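All remarks here apply to the structure that follows.
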Amino acid sequence: MTQTPARTPLYDWHTRHGARFVPFGGWEMPVQYTGILEEHRATRTAAGLFDVSHMGEATVSGPQASAFLDHVATNRLGDLGVGRARYTLLCAADGGVVDDIIVYRTGSQSFLLCLNAGNTPGDITWLTEHAARFDCEFRNASADYAQLALQGPRAVEIATRLAPSTVCLADVPRFSFVEILLSGAPMLASRTGYTGEDGFEFYLRPDQAATFAEALLVAGADLGLKPCGLGARDSLRLEAGLPLYGHEISREITPLQAGLGWAVKLDKLGGFIGRDALAAEAAAGSPSRVVFFILDDRRVARADMVVSSSGKSVGKILSGTVSPMINQPIGSALVERAALDAGATLTVDVRGSAIPLRLAKPPLHKLPA
Amino acid sequence: MSSVPEDLRYTKDHEWLKASADGTALVGITDYAQQSLGDIVYVELPKVGTKFASGATFGVVESVKAASDLYMPIEAEVVEVNSTLESMPELVNQVPYVGGWMLKIRLANPASVDQLLDAAAYQQLT
């Protein structure tokens, strides 16, 4: 299924700002502009602007819209207030993850879904199929939206410079959103993100995205705002301990293994797809768990490297990079429960050397020394 | 655009080699290579005295995104490694042809340098 990668409405804007592109999830996306380390640090200390228009969107509306979402999602969505957003997983009947998504309640009977780029075609097929049994209209709205993420300690201040004086963006709570005009463009501004920093994600019309991105960049220039690529997005989310589909969660790695049990409501009325498999796993205990770690070494653990305990393979690396904040290798691994429960020393094999994993609870860049 | 100094020799794997009259040479990776790799965070180099065949893996360079093997341009013995890269791997990004050098080698056969690409031929590959 080789296809020409799609381009976001910001492709020319990226080129103008010196981006280097990589294929990702069927899209040609900027991996970096000036460098991943610089972009990452700018986001942690000031602010970063990310084009995330490759993410898919879908809308659900109708009398049974919330019943449909509660049937397909692991988290509870029926009680989500209008103007609020919630993270949830979509699971298959065996408990494997189909996707992890954000659900926005845009009205009493209407929702907006934000889907992972690479999963969007599969999600649309899967959700369309299940929606047919509910009194609701499900629609792929991916072509209707560009998406920009403005993240970092100065993000709210920068966005405020483009907002009407009647609106106080700083008052929008986490996981809430407002419909607003910023720099004259109508959009949905959501106090969410994927970096572990404060900030907003903006959903707007594709034909207004480049002008808005440039307006943000100009508005934030004196505060240190930098355009950031997918490289920094990945290292930021890993430091923060946020899962990436295909790494910490997948068809093989359930939400319970990934430590996302807080987003799985086993007692939800009427159940949901995958509920029985996940309830059985919860009762028996997950056979393996996702852990995060730091290496006290210069060598970097990379995805698929083998994790061992006393010479025996007990798991594998899921994600690995160097933390630009602590200048040490960090990552995540899937490790057998027995090895974790025994508190055994875990090592990763990097080119023939066994390097000890120091397990740590994210955010990995904010641990006490 | 990446720089390709006239006075160096190159490989298709994006290493450069600067030969001296005394039969030794410096080895590093090209400007094109460092740009493609992005921010370099670690360079793993061999021990002094190690001998390598032409094309053998002599080390690894780790960027934020990935680890990449380093290939010996020519049959040689390592006589010195750039230990400054242990604490400042970013020199490979900043000055790939100067402070970012990786190895000083003694060539098994100094005449074999002529088999490497010259700047014009390497430029065609980038």
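The values are calculated or read from the model by the stated rules, or taken from the named source; none is laboratory data. Note that this is a predicted model, so its numbers are computed, not measured. Because the Cβ atoms are built from the backbone with ideal geometry, glycine has one as well, and the counts that use them run over all protein chains shown.
Structure notes:
- Test: residue in segment B:39-56 that is in a strand (DSSP E or B), within 12 Å of chain A (Cβ to nearest Cβ) and not aliphatic (A, V, I, L, M): yes
- Members of segment A:1-34 that are of a type outside the set (A, V, I, L, M, F, W, C) and either crowded, with 22+ Cβ neighbours inside 10 Å or in contact (Cβ under 8 Å) with a residue 40 or more places away in the chain (or both): A:THR8, A:PRO9, A:ASP12, A:HIS14, A:HIS17, A:ARG20, A:GLY25, A:GLY26, A:PRO30, A:GLN32, A:TYR33, A:THR34
- Residues satisfying the stated conditions in segment B:92-111, i.e. over 13 Å from the mean Cα position of the chain (by Cα) and surrounded by 15 or more Cβ atoms within 10 Å (Cβ to Cβ): B:ARG106, B:LEU107, B:ALA108, B:PRO110
- Residues that are more than 13 Å from the chain's Cα centre (by Cα), in a loop (DSSP other than H, G, I, E, B) and either within 14 Å of another protein chain (Cβ to nearest Cβ) or under 25 Å from B:ALA119 (Cα atoms) (or both) occur in segment B:76-86; there is at least one.
- Filtering segment A:356-369 to residues that are surrounded by fewer than 20 Cβ atoms within 10 Å (Cβ to Cβ) and either touching a Gly at 6+ places or on another chain (Cβ under 7 Å) or in contact (Cβ under 8 Å) with a residue 40 or more places away in the chain (or both) leaves A:PRO356, A:ARG358, A:LEU359, A:ALA360, A:LYS361, A:PRO362, A:PRO363, A:LEU367.
- For segment A:312-337, the set of residues classified as outside any strand (DSSP E or B) and basic (Lys, Arg) consists of A:ARG337 only.
So that you can scan it fast, the table gives a plain yes or no per residue for (1) over 18 Å from A:THR88 (Cβ atoms); (2) of a type in the set (Gly, Ala, Ser); (3) assigned to a helix (DSSP H, G or I); (4) at pLDDT 95 or above:
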{"residue": "A:ASN119", "(1), (2), (3), (4)": "no, no, yes, yes"}
{"residue": "A:GLY122", "(1), (2), (3), (4)": "no, yes, yes, yes"}
{"residue": "A:ARG139", "(1), (2), (3), (4)": "yes, no, no, yes"}
{"residue": "A:PRO153", "(1), (2), (3), (4)": "yes, no, no, yes"}
{"residue": "A:VAL156", "(1), (2), (3), (4)": "yes, no, yes, yes"}
{"residue": "A:ALA163", "(1), (2), (3), (4)": "yes, yes, no, yes"}
{"residue": "A:THR166", "(1), (2), (3), (4)": "yes, no, no, no"}
{"residue": "A:ALA170", "(1), (2), (3), (4)": "yes, yes, yes, yes"}
{"residue": "A:VAL178", "(1), (2), (3), (4)": "yes, no, no, yes"}
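- Taking segment B:64-97 as the range and being touching a residue at least 60 places away in the same chain (Cβ under 8 Å) and closer than 30 Å to A:ASP304 by Cβ as the test, the residues that pass are B:TYR71, B:PRO73, B:VAL92, B:PRO96.
- Hey, B:ALA120 at pLDDT below 95 and either assigned to a helix (DSSP H, G or I) or touching a helix residue (DSSP H, G or I) at 6+ places or on another chain (Cβ under 6 Å) (or both) or not: no
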